[in-house]
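The numbers here are math on the coordinates, done by the rules we state, and not lab data. Just so it is clear, the model here is predicted, and its values are computed rather than measured. With ideal geometry, Cβ positions are generated from the backbone for all residues, glycine too; neighbour counts draw on all protein chains shown.
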Amino acid sequence: MGDDSQIEARWREDFPVRWDADHYLTRRELAKFLTLGSGILACATGALAIAARESPREEYPALLIPSATQLLPGTSLLFRYPTVQDPCILIKTGSGELKAYSQVCTHLSCAVRYDAEGNTIACPCHRGFFAVEDGRPTGGPPTRGLPRVVLQARADGIYAIGMEP
Amino acid sequence: MHTRQQGTVLFAGILVLIGTLVVIQLWLLTAALEALLARSYQVLLPATVASVVLFGFNAALLRYVVIFDAKVRREEPVERR
């Protein structure tokens, strides 16, 4: 019975008859709720920082890219690095320079393609564009650049030896 | 009555301020998530510090409101009920 009266008192406090009392209570509770949300947001941001600190640094194997040396200027080929689940694109620019990037668009993970005519890397899904020189976004929805594959020329061919964000 | 009217205006201002700071914190969280995905780890610690500082501001503002509210209730107990 005591509990019922307490519940009723709380109900009357939450839904008072007087208009000004109703506003006053609502604002106070909203302030508390917002401050609670503020604490949660601070914790979430801290959790991201901790997650970044705790995440293990990846080690990349050296992988021979087949037929990379036979690539003609203004063409590209696809390969997978560092695992078979990670599609990448190797591009030989018109000047003969080799560039390699992840083929996964940083917008919504579509596969990007090399556009030799425009000398750009294009994502056909939402018309996103990346620079061939460094993989930075140059147009469309993507805001982050393509991760770059570090290449190394050895006696027996071109090797992928690492990834850079 | 005069005190309550002043308090209502003050309270509305504080509420807007708290809401603005929360929106800034939300922006910091999305920026931190974006930085994490881009592996720009150097952004994360300053974002966390800024977010915690803003939370401190919010907590201080809420504390002020609670104290102010208790003071008004003490001064006008009959009129409020």
Scaled by the rule-of-thumb 2.2 N^0.38 Å, the alpha carbon Rg for the stretch A:2-54 gives a ratio of 1.82
Within the under-13-Å Cβ sphere about B:LEU33, not counting B:LEU33, Lys/Arg +1 and Asp/Glu -1 give a net charge of +1
Taking the alpha-carbon centre of each part, the distance from the stretch B:28-60 to the stretch A:35-67 in Å is 13
Any lysines whose Cα falls less than 20 Å from that of A:LYS32, other than same-chain ones fewer than 8 residues away, would be B:LYS71
With no solvent term and unit scatterers on the alpha-carbon positions of the stretch B:2-74, Debye gives log₁₀ I(q)/I(0) at q = 0.13 Å⁻¹ of -0.50
Semi-axes in Å, largest first, for the stretch A:9-108 (Cα gyration tensor, √(5λ)) are 61, 17, 11
To the nearest 10 degrees, the tilt of helix B:2-37 (Cα long axis) against the first principal axis of the alpha carbons of chain B is 10
Counting other chain Cβ atoms within 10 Å of each Cβ in B:40-51 and taking the mean gives 5
Place a point 7 Å from the Cα of A:GLU164 in the direction of its beta carbon; the residues of the stretch A:51-76 whose amide N falls under 18 Å from it are A:58-63
Computed over the Cα atoms of the stretch A:63-164, the Rg and Dmax in Å are 12.7, 40
Semi-axes in Å, largest first, for the protein assembly as shown (Cα gyration tensor, √(5λ)) are 60, 17, 15
Simple spin-label estimate for A:LEU36/A:ASP115, 7 Å along Cα→Cβ, in nm, reads 5.0
Rounded to the nearest 10 degrees, the helix B:44-75 long axis (Cα) sits at an angle to the longest Cα principal axis of chain B of 10
Within the protein assembly as shown, the cysteines whose Cβ lies no closer than 4.7 Å to any other cysteine Cβ are A:CYS43, A:CYS88
Output ordering of A:7-20, B:57-70, A:45-58 (per-residue mean of other Cβ within 10 Å, highest first) is B:57-70, A:45-58, A:7-20
Among the stretch A:68-95, those whose backbone N falls under 20 Å of a label point 7 Å along Cα→Cβ from A:ASP156 are A:68-71, A:79-84
Contour minus Cα-Cα span, A:LEU78 to A:THR143, at 0.36 nm per residue, comes to 21.1 nm
Scoring chain A by relative contact order with C-alpha pairs under 8 Å, at least six apart, yields a percentage of 16
